[in-house]
1. Please go through segment 56-81 and give me each residue that is over 15 Å from residue 31 (Cα atoms) and in a helix (DSSP H, G or I), ordered by number.
2. Among the residues of segment 41-56, what is the count of those that are farther than 23 Å from residue 83 by Cβ and exposed (fewer than 12 other Cβ atoms within 10 Å of the Cβ)?
3. Would you point out the residue of segment 43-88, among those that are without any contact (Cβ under 8 Å) to a residue 40 or more places away in the chain and touching a strand residue (DSSP E or B) at 6+ places or on another chain (Cβ under 7 Å), that is farthest from residue 16 (Cα to Cα)?
4. Taking residue 87 as meeting all but one of (1) surrounded by 11 or more Cβ atoms within 10 Å (Cβ to Cβ); (2) at pLDDT below 95, write down the number of the exception.
5. In segment 16-30, which residue that is under 22 Å from residue 3 (Cβ atoms) and part of a strand (DSSP E or B) is nearest to the chain's Cα centre (by Cα)?
6. Could you list, in sequence order, all residues of segment 15-40 that are closer than 23 Å to residue 85 by Cα and buried (at least 16 other Cβ atoms within 10 Å of the Cβ)?
């Protein structure tokens, strides 16, 4: 989930970046290693496929632990690229 905690408390939906177990890497895709955020397998964040899910989907709590600041920064940068923002590497 990439939406701010304040937003998450006030809305019925959460903004997320979906993860897949396989996929080509590119400027809008971020690799995640096993263990990152509690992942059981290596995965890829498809940052060009931002979507929302109903908050009730996570009624039992988060599916994993928070990711590192560096990884979150890489995901946010990839989302910005997907939206057309030109960023230096």
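1. 56, 57, 58, 80, 81
2. 3
3. 43
4. Evaluating residue 87 over (1) surrounded by 11 or more Cβ atoms within 10 Å (Cβ to Cβ); (2) at pLDDT below 95 leaves (1) as the failure.
5. Applying the filter and picking the extreme gives 16.
6. Initial filter on segment 15-40 (closer than 23 Å to residue 85 by Cα): 15-19, 23-32.
Selection gives 15, 16, 17, 19, 28, 29, 30, 32.
The values are calculated or read from the model by the stated rules, or taken from the named source; none is laboratory data. Note that this is a predicted model, so its numbers are computed, not measured. A quick note on method: Cβ atoms are made from the backbone with ideal geometry, for glycine too, and the neighbour counts reach across all protein chains shown.
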